[in-house]
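The values are calculated or read from the model by the stated rules, or taken from the named source; none is laboratory data. Bear in mind that the values here come from a model prediction, so they are computed numbers and not experimental data. Heads up: the accessible areas ignore ligands, DNA and RNA and are worked out on the full protein's heavy atoms, side chains in. Shrake-Rupley method; radii C 1.70, N 1.55, O 1.52, S 1.80 Å.
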Amino acid sequence: MRKGIREGTSQQLFRRSRLWLAFWYALVTGGILGLSGVVMYRVLMQSRWVALEREIESIAGTLHDSLEPMLPVSAAPTTERTSTRLNSGHDVMSRMAASGWGGGG
């Protein structure tokens with residue numbers, strides 16, 4: 001009868017060890033696969049982002065080149081023109097504030 005008890009104990013120990021090893025195998029394999037997935041995701045997103053930036057720069061360059069000839073040719077802005085633009089912007093803001101538009105409380 002003692003031999004049966006020992007065999008049952010050794011089978012139980014073997015079964016427990018087998019489950020423990022299977023658990024660690026699954027954990028390590030899952031960790032490696034998860035880390036690999038995150039790295040692949042980052043690499044793909046980085047390459048797509050670079051491609052998107054290049055495409056936007058290309059489209060912006062084409063748009064600039066096609067619109068530039070349509071712009072009117074004028075002299076360089078003078079100080080007087082610039083100050084007039086700044087003052088007109090200030091006047092608009094003053095009128096908006098006086099009319100109560102965008103005011104607080």
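Structure data summary
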item	result
Contour excess over end-to-end distance, with Cα ends at residue 57 and residue 71 and 0.36 nm allotted per residue	3.0 nm
Protein accessible area in the stretch 17-56, 1.4 Å probe - carbon and sulfur %	75 percent
Accessible-area value, residue 29, 1.4 Å probe, nucleic acids and ligands omitted, Å²	50 Å²
Value of D in µm² per second that Stokes-Einstein yields for the stretch 8-80, Kirkwood Rh from Cα pairs, at 4 °C (1.567 mPa s)	69 µm²/s
Computed accessible area, residue 71, all protein chains, 1.4 angstrom probe, square angstrom	110 Å²
